[in-house]
Every structure is written in C-alpha cells, then in structure tokens.
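Computed from the coordinates by the stated procedures, all read-outs in this text should not be read as laboratory data. The structure presented is a predicted model; accordingly, all values stated were derived computationally and were not measured. Cβ sites come from the backbone with ideal geometry, for glycine too, and all protein chains shown count toward neighbours.
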Amino acid sequence: MSDNTIPAVRAGVGEKKSPRENSLANHPLVQLTLVRFLEFIREPEALFWVFVFPVLLAAGLGIAFRNRPPEVLTIAAVTPELAQSLRQEKLLAVEQLDLQAAQEALRTGKVALLAVPGSGGAVEYRYDDTNPEGRAARLLADRAIQRAAGRVDPVATTDQLMREAGSRYIDFLIPGLLGMNLMGSAIWSMGFAIVDARRKKLLKRLVASPMPRAYYLLSFLLSRILLLVVEVGVLVGFGALLFHVPVRGSLFDLGVVCLLSSLSFSALGLLLASRARTIEAASGLMNVVMMPMWIASGVFFSSQKFPDVMQPVIKALPLTAVIDALRANMLQGSNLAQMAPQVGIIAFWLLVCFALALRIFRWR
Amino acid sequence: MPEVASKSALSARLLRKAYKDVVAVDGLNLELQAGECFGLLGPNGAGKTTTVEICEGLTQADSGEVEVLGRRWSSDAAQLRQRLGIQLQDTQLSEKLTVHETVRLFRSFFRQGAEASEVIARVQLEEKQNSRVGDLSGGQKQRLALACALVGDPDFLFLDEPTTGLDPQARRQLWDLIEEFKASGRTILLTTHYMDEAERLCDRVAIMDHGKVIALGTPRELIASTCAEQMVEFTAGSVSHALDVQALRRIAGVREVRTENGAVLLQVAELHTSVPALLAELTRQNVPLTELRTHSATLEDVFVTLTGRHLRDE
C-alpha cells in the first residue's frame, strides 16, 4: 500500500489542480496576509487594546473635560451696600454674611472671595490667589464695584462666544488619540508578531520554504491596512456620533494620511523588531521609542508647551507629524497640499525605517 | 519516480563551520545517493543540525562546497527550495492557526504539490483539520511539521530529529509515515540521536562526533565492524565476593569488557560459547549472578566502542 500511495498522489498533481487552486486565494501573499489577519483577530487582548481601549480613553477624557456652562462664582459681602453693588455682576452669586460667618465660608471654600469695607470707602478683597476661582472672582468683583462707583470703560468691547464643535478639548483629543493608536497598534502588532516568530524559529522555517521573503514583510503591511479601516472608523465614528467631533477635510485625504502613517509606523515597528530575539528586548526597545512621542507629540496637550529649543526635534518626530496632519484635516479642513510638510516627514520615516530594517533584518 | 535516480542527491565536501571558538563542523564530507534514507547519528552537540542546515542553505559554511540535487545554493536557491521538504528541529508553528490553515499557507509557497487536505490526510490528521495548532499533542505537531515539509511534493526530505521528545507510539506512527515517503523512491537526510530510529529507517548511517564523521556505512556494516555482534550484560558479586573483572578478558570469544553502573558488559562473537564460559568463570570465582541479559549489538554499542561515551550522555 505504502508503495504506491505517494506516486499516485504525485502523478495526480497535474489534474488535481482545480481552477480554485490557481486562484488568487492561493497566492502566497494572500495566504500570508490572511494568516496575519486571523492571528490578530484570534488574540482577544490585541482586539481590546486596538479597538476598545482608545474608545474607552476618548470617552473617559471626553466626559472629564466636557464643556460646562459658565460657572457662577459664589462670593460673600459683609455689608448690604457692597452686596448690592456686587449683585450687578451676573456671573457672581453674592451672599451677605456677618464677618465671622463670611470668614468661615471663605476658609471652607463655600465662597471664593470675601468683600470687606476698608477705611475711607475703600474695599478689601480677601481670597486665595493660588485658586483660579479666587482670582476670577477678584476680577469680576472689582469690575462690579468700580462700575457701581461710576467707572466707565474707555474702550467698547463685545464678546463672541466660540462654543462650536471643533475647538473643544474633545476635538483636540480625538485626532491625538487616533495618531497614538495608529502608532501603538502598528508597532506592537508588527514587533510582537515578528519577534515571536523568530523566537519560535517559525521565521527560520518559513525561510527554509520557497516563500518570497518580501511577501512576508509585505503581508504585515497589508494586514495593517485591513485593520486600519476598522481602527480609524471606530475612533472617528465614535467621536463624530457621541461628541460631534468634525471631520472638515476630505475623508479621502484623511484616509491617505492614516494609511501613510500606519505604513510608516509599521516600518518603524519592523525596524525595532528586526534583530531582537526575545519579546522582552523588543518591548523595551518599543517603549523607549514610543514613550517620548506619547509625551511630546501632542496627544493629550499641545506640543507647543515644550520649550522652543525642543520644537525642531519634536516637529521631526513621526507622531507629531501624524497628529498635526490629522488635526489639520479634521479640525481645519486642510487638504493634502497644505499638509505637505507633515506628509513629507511621515514619508521620510517610512522610507528610512523600511530601508534600514531590510538591511539589518535577522531572518533566523 | 524522481528523475535523479542513481545520481548523487547530495554531495558535501570539506564542510567547516565554527561559532566563536567552537568548531561545530570540522572538515565533513557527505555523499547521498538519490533514493536512499541517510542518517546522521550522534550525540547532542555533535554538529548534526549545523551540517543539515548548511545542506538546507540556511547556514553559510565557513568553507567547503554543497550540491543538492545537482544544484548549488549560491546560484539556484529559488529552484532548489521548490524541490526540498524541510522539517527543522523544534519549530513552533503558529498556535492560533488551524491545521488546515497552516498547511494551506505552506502549500501556497510551492508551485506543485497536492492540496492541503490531501497532505493532511496523508499524515493522518484529518480529524484535527480544524483544530488549532496549540491544541495538538507533541506527536500531532510533529506530523503537522512533516505535512508542511511534504506539501510541495519534494524530491528530497530533510528531517532534523523528527521524533525527539515523542512517546513510543507517536514515534512509530511517524516512522511509518517516513517509510511511506521513502518507499516512493525519494531521498531523505535524517538526523537523530536514537539508534533504534537510525537502524529502522536508514539505509546508511554516518556517526558524527565533534563535527566529524567517525564511521559510515549501513547499520549492519557498522555493527559488524565493531568485531562483535552480541552483547552480554550481567550483574554479579557483592561486597564480600567482589568480581575479578580482569579474569573475564581471558574467556574465549570475549572482545571487550567494560563496567557501567555496577553492571558488566561483554562484547562477544558467539553467545553459545561465551555464555557457558562466563558462567563457569563466575562459579570458579564463587561469585553469585544476580542478573544476566544478552542482546544483539546496536549502533549505540558502536558509538560507545568508538567514543567511550553514550549517545545520550550529557
């Protein structure tokens, strides 16, 4: 039996190649990409970190920094005359208390400021200058007192309130989180998968087969693109539906920026994973590279807060360029030409990292 | 049948490979005929894996030449890879994929070969087709690795310690599969440190130690070349009646005497003359016999005779 089993199969190879077998589905690049994709979606932790965590983070921060109606500050006055003058200011709630009760209220934080008559018609404000509410109350109270006493402002001013979508913290935050997520998911998924395959000698086994090596690396980039649609869609959709975060630029441009960013971060991940033999070594390296960008690239607060001498370096970081481009597209409606400097930086990182990774990649 | 019949399937000349200050392969020559199953037998660290990986084009030798199926790695790597089936020592295939997905992936790399499900059936994993690789037993994983090596319908199969760590039943199952492939007339290069595996599967065996081939031939030839075909193992004596081992050397037909863990091993030409003589000698010394066994000499005995060590020492 054993004598003819294999030759029979062997002889049959020609005829057995059904049309399906020659189809696109059996192309090595398609198979490698499919396998990447399956491995990813069968990893519940990865799904959480890539899809659920950013949404939870955005939701949490969105709620914490939601826009509240302008707050009315409570202050205390010890004489009816002072209270009367202060009540002219709409943003102040004035309580008239005796001095002792007023001081007690100030100390316990029930009132932000205490107005006490001084000698000769003067007014004394008692407040904590390290408390923003105290300082704000000081400005409002003083304005009310001075106006009540007959001051006329020399310059006429009007207020226009900018409370529309696009200038709130959540609007700032969503593109930042999107950028951070693009970086994190690309680098983690790339880095871990490759180092794990190397550690398990799977990489060596694949190289021992006729698999074209470029396809292996390419399959990572392709599977990233598949996931990218979901990743970007979830976060942008979440922001739009729940917080009405705008996408003012074209969706096509946004897609191009996200795609280029993801490829660029994948190339960085590939570079970081190109030699490491253990997960520990690789994750240390990835953290060292990503940490400065989480802090400096303006995910949660503007990168402009850093000193001027650091700005050229910060601007050259890939995550800064990605987030700046995403904010320009979503909030200012910039097109690709207007984002050229950022797009250039992202493309530069893609080329340099990929070229370097190919040179030093350890296949076994 | 392969077109390379009666030709050399592999020829390696003066291979040398050193890692830092350890010489893993030291001027090694190998010649495999098409259609034979050739075994590299040796202890861990003998240089078997390095040798095989040089032949597989995975490791660059420091010097020496390799030709596989008449081609060289430097010029014909792509064509060569299509015709080789390779199973590496302790590769862990992706645990999250199913058996079928894994084989289908490997199938996609080859221009020819049977469909994935057919190869899976050949290694008797049909029932596990849709199981995750992570849920397979050690033997099933090794059969899957074999399937990945067979999926391109290779002319030449490299197996690096295919049954290490498996239980006896799983080993026999794998041996059957290897024999089936062998029966189709194609070439196998197999490394192992199990002498029974080499004796059962291999047409010819090269015994390796310290990066060199120290003996080469069919298992029968190698065993015969140690001069004695039978081994007698016994334990005898006690603290009060110590055995005079030197006296045993004078028994007719005894080629070699050595002691091991309190037991005495004799290499003898003929059991029917040497065993009665041994019993007579023990009676003369007045030493009680507690255990007596005989077996035909194996490759293990060949290795011990050649090196003074056991294959699975260290």
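Here are the numbers:
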item	result
All positions within the range A:81-115 that are outside any helix (DSSP H, G or I) and in contact with a Phe, Trp or Tyr (Cβ under 8 Å, 6 or more places away or on another chain)	A:Ala112, A:Leu113, A:Leu114, A:Ala115
Any hit, the range A:197-210, residues being over 21 Å from B:Val133 (Cα atoms) and out of contact with any Leu (no Cβ under 7 Å at 6 or more places or on another chain)	yes
Single residue of A:Leu139, A:Leu206 found to be away from chain B (no Cβ under 14 Å), among the hydrophobic types (A, V, I, L, M, F, W, C) and free of Cβ contacts under 8 Å to residues at least 40 places away in the same chain	A:Leu139
Residue list for the range A:271-289, restricted to those being in a helix (DSSP H, G or I) and surrounded by fewer than 21 Cβ atoms within 10 Å (Cβ to Cβ)	A:Ile279, A:Glu280, A:Ala281, A:Ser283, A:Gly284, A:Leu285, A:Asn287, A:Val288, A:Val289
Odd one out for A:Gly191 among (1) touching a residue at least 12 places away in the same chain (Cβ under 8 Å); (2) within 21 Å of A:Ser283 (Cα to Cα); (3) surrounded by fewer than 20 Cβ atoms within 10 Å (Cβ to Cβ)	(3)
Pairs where the first residue, in the range A:31-48, is within 11 Å of chain B (Cβ to nearest Cβ) and free of Cβ contacts under 8 Å to residues at least 12 places away in the same chain and the second is buried (at least 18 other Cβ atoms within 10 Å of the Cβ) and assigned to a helix (DSSP H, G or I), C-beta under 7 Å, 6+ apart	A:Gln31/B:Arg104; A:Gln31/B:Leu105; A:Gln31/B:Ser108; A:Leu38/B:Glu101
Checklist (1) closer than 28 Å to B:Gly42 by Cβ; (2) touching a Ser or Thr at 6+ places or on another chain (Cβ under 7 Å) applied to B:Val257, failing item	(2)
Any hit, the range B:216-228, residues being of a type in the set (D, E, K, R), more than 21 Å from B:Thr164 (Cβ to Cβ) and under 26 Å from the mean Cα position of the chain (by Cα)	yes
Whichever residue in the range A:102-138 is among the hydrophobic types (A, V, I, L, M, F, W, C) and either out of contact with any strand residue (DSSP E or B) (no Cβ under 9 Å at 6 or more places or on another chain) or more than 15 Å from A:Ala83 (Cα to Cα) (or both) and, among such residues, is surrounded by the most Cβ atoms within 10 Å (Cβ to Cβ)	A:Leu106
Exclusive hit being within 20 Å of the chain's Cα centre (by Cα), in a helix (DSSP H, G or I) and among the charged types (D, E, K, R), set A:Asp171, A:Asp196	A:Asp171
Failed criterion for A:Val245 (all others in (1) surrounded by 16 or more Cβ atoms within 10 Å (Cβ to Cβ); (2) assigned to a helix (DSSP H, G or I) hold)	(2)
Among the residues listed as B:Ala34, B:Ala77, B:Ala61, B:Ala24, the single one being more than 21 Å from A:Lys201 (Cα to Cα), over 16 Å from the mean Cα position of the chain (by Cα) and of a type in the set (A, V, I, L, M, F, W, C)	B:Ala34
The range B:108-132: number of residues that are crowded, with 19+ Cβ neighbours inside 10 Å, closer than 26 Å to B:Thr59 by Cβ and not hydrophobic (A, V, I, L, M, F, W, C)	2
Residue list for the range B:228-270, filter: buried (at least 16 other Cβ atoms within 10 Å of the Cβ) and not in a strand (DSSP E or B)	B:Ala228, B:Glu229, B:Gly237, B:Leu243, B:Leu248, B:Ile251, B:Gly253
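To keep it simple, each residue is scored yes or no on (1) of a type in the set (A, V, I, L, M); (2) surrounded by 14 or more Cβ atoms within 10 Å (Cβ to Cβ); (3) in a strand (DSSP E or B); (4) in contact with an Asp or Glu (Cβ under 9 Å, 6 or more places away or on another chain).
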position: B:Ala9; (1), (2), (3), (4): yes, yes, yes, yes
position: B:Leu14; (1), (2), (3), (4): yes, no, yes, yes
position: B:Leu32; (1), (2), (3), (4): yes, yes, yes, no
position: B:Gly39; (1), (2), (3), (4): no, yes, yes, yes
position: B:Val52; (1), (2), (3), (4): yes, yes, no, yes
position: B:Gly57; (1), (2), (3), (4): no, yes, no, no
position: B:Gln60; (1), (2), (3), (4): no, no, no, no
position: B:Glu67; (1), (2), (3), (4): no, yes, yes, no
